[in-house]
Structures are given as C-alpha cells and as structure tokens.
Amino acid sequence: MSLPDPFAPVLYRHLGATRNIIANFQLIVPTKELTGVPTLTVVVESSPESEGGDHLPDPVPALMRRRLGAELRTMRIRAGLSLVKAAKLLGVTGAPSLSKIENGKLRADLDRFFRVYGIKDEARIAEVRRLAKLAEVGRRRGLFAQYGDVISDSFADVIELEELASQADTYAALVVPELLQTMDYACAVIEGSRAWSTTRQARAFAELRMKRQHALTRRQFEDRPMTPLMMRCVLDEACLRRQAAEPRVLQGQLKRLLDVSEMPNIEIRVMPFSAGTHTGLNGAYTLFHFDEGEPVVAIEPMTTSFYLEEDAHVVRYESAFNHLREQALGAADSRDFINSLIKQGS
C-alpha cells in the first residue's frame, strides 16, 4: 500500500539508511486510530534464507546479477507459471521474494529452479550456470579496489561489461572510444568534460581508463586467461578531427589508432563526412555481446550510464550498427584515411 504524504519521504529516507540490515519491510497504514492521527507499522518479513536465497553484498545488484535474474524470469514464463504459482512450487515465501530473485537481489538455488521449471537440456543448464558464475564476480577486486573513489555504481557496470563480454560494437560520434585512447588524449578529454572537482580525481580517472584497456590484450576469469575482447568500431570523422589540448595530442591519438587497427581483435572503420546521414546520428553507444546471455546496449550520457536489454531495443541497435559498418569506409581505406589526416597535421 502506498504511503501518503507527508510520511513517505521521511520514513523511507530513514529506512533507506538501514536497507542493509532490514531486508524487507512493509508499511501498513490504517485509516486512523481513535486519536485521529494516522499510525505507521513496520513489519519485518522472514529472513532471506527462508526465502530460498541470500541477499547479495551490494544494495544495487550488479548488471550480471540482473541478467541472471532475467534468465530465471524467462525460464518461469516459458514454463507457463505465474509469480505466485512458481513461488509456491519453489518453496519461496511469496511472489515478492521470487521477484527479488528475478531482479538480482537474492541468490537462487539453481537446481531447484531447473527441477520446478522442467529444464533438462544440458546445454541450457550449463549456460545458466555459467551466467551464475559471472554474476558472482565481486566488484571490489582490482580496479574497483584501487579506483573506487572515481567509480560510480553505473560506471562499474561498464567495467564489468568490458571484463566479461566477448565482443563490443562501438559507434563513436564525437571522441575516440575510451578503450583506444592515449593517456594524453584521455587527460585532455577528461579535463574538457569538467566532470571532476579535483586534478587528482581527473588524473585517477585517466589512469583507470588506461588500465581498462587491458581488456583488449589480456583478461582473466577465476585466475584463468580469457580471450581478449573483440572490438569493432565505427568512428565518425568528427572524432578524428577534433583537437584535444594541442595538435601533438591528436597526432599521437591518430597514430595510436593506426597501431591498434593492426591487432587481430580490433576493427576500425571511419564514417567520413561525405557519407552524409546515417543510423548513428542519435549519438554514441556500445553493443556488448556475450558467449552466454543476450546482448546489452550501453549508453553514457553526461551524468550516468544506462543499459538496454529488451529484445526490441537491442535488435534496433544491432541493425543500426550493421548499417553503420556497411556505410563506413572499409578497414584498409579507413587506415589510409587516418594516415592522410596524420600527414595533414605534420
């Protein structure tokens, strides 16, 4: 039941501060007591363990946990079960608790889900288990521990995607993609954004950007080497002409693009101004593909990052990127185009 003003803002604010202690609560608002003053009752629900799962360590579930939850939701829907019916069969205490599992906020007993939903295909089971393993990867390792003060929750999802995706299709409209930037270019772009209040933070964010580039050369999962991220880029000509700080910085960045374009896992195509209008005019984005699970579209406006995972959205972006690649210069012609810009600036 919705809590009427003026009580909702105050009570939710105070309860929000204790969300790591009180997992679930309900606010029951009787019409009025004899005193004529509305009374509030907080009811703490059963513990997470009795709901068929444990609470995950982060208040906001990481993207891969949400993706696992989405897979479990898909399994339930394909089994023809409502939340209420599935919760009863799974032994979960009510539809709200199952909803938390499907939203990535509670862990799930996968064997129980496979049994109740009738999942017998070994390949499908292995895929979900792999996704569950990825969902368990903590956010406080490596980069997160070292640069936690400049990594927001939404940006942490970007890093997680770069670590776990098999391929990233990127359209860059205004600046060179972050995974391909030189340190000097990154510092110039970050400084120009005016997003950081101190020089130290800006420098740390630039250093973090350089370390994220290891996804293109060496990655690990559970101490085992992973294949480097495959990256296909379409760069608008504006990216290649926009000055950053001083001419030498852009020159160095263009040379860097030539170097990485020779790597077997990186493709760079240029969209020249002469190509006219195209399917990327609405702005930059990255489409992440995975060995397990469906693709995710990442869009990074000024103040946050957000993700599109529904098929209707993903299909549109996949189609748009394919059109961009077809309309852009080929890989060899793109290298020639970048080389010509280097000669013009030298």
Candidates Ala108, Ala87, Ala172 - the one that is without any contact (Cβ under 8 Å) to a residue 12 or more places away in the chain, surrounded by 15 or more Cβ atoms within 10 Å (Cβ to Cβ) and either over 30 Å from Glu237 (Cα atoms) or out of contact with any Phe, Trp or Tyr (no Cβ under 8 Å at 6 or more places or on another chain) (or both): Ala87
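I'm checking my understanding of the structure. Among residues of segment 235-249 that are in a helix (DSSP H, G or I) and closer than 23 Å to Leu324 by Cβ, which one is most open to solvent (accessible area, probe 1.4 Å)?
Arg241
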In segment 316-346, the residues that are farther than 18 Å from Thr170 by Cβ, open to solvent by 40 Å² or more (accessible area, probe 1.4 Å) and part of a helix (DSSP H, G or I): Ala332, Asp333, Asp336, Asn339, Ser340, Lys343, Gln344, Gly345
Boolean, Arg203 is touching a Cys at 6+ places or on another chain (Cβ under 9 Å) and open to solvent by 20 Å² or more (accessible area, probe 1.4 Å): yes
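Here is a yes/no grid of residues against (1) touching a Gly at 6+ places or on another chain (Cβ under 9 Å); (2) of a type outside the set (Ser, Thr, Tyr); (3) touching a residue at least 24 places away in the same chain (Cβ under 8 Å):
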| position | (1), (2), (3) |
| --- | --- |
| Glu246 | no, yes, no |
| Arg256 | no, yes, yes |
| Thr279 | no, no, yes |
| Thr286 | no, no, yes |
| Pro301 | yes, yes, no |
| Glu309 | no, yes, yes |
| Phe337 | no, yes, yes |
| Gln344 | no, yes, no |
Single match in Ala156, Ala126, Ala168 (criterion: closer than 22 Å to Tyr285 by Cβ and modelled with pLDDT of 85 or more): Ala168
Filtered residues of segment 258-273 (kept if surrounded by 13 or more Cβ atoms within 10 Å (Cβ to Cβ), outside any strand (DSSP E or B) and not small (Gly, Ala, Ser)): Leu258, Val260, Met263, Asn265, Pro272
Verdict on Glu102 being touching a helix residue (DSSP H, G or I) at 6+ places or on another chain (Cβ under 8 Å), farther than 22 Å from Met210 by Cβ, of a type in the set (Asp, Glu) and in contact (Cβ under 8 Å) with a residue 12 or more places away in the chain: yes
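The values are calculated or read from the model by the stated rules, or taken from the named source; none is laboratory data. Because the structure is a prediction, the values reported are computed rather than measured. Glycine gets a Cβ as well: all are built from the backbone with ideal geometry, and neighbour counts include every protein chain shown. Protein only, heavy atoms only, side chains kept; ligands, DNA and RNA dropped before computing areas. Shrake-Rupley method; radii C 1.70, N 1.55, O 1.52, S 1.80 Å.
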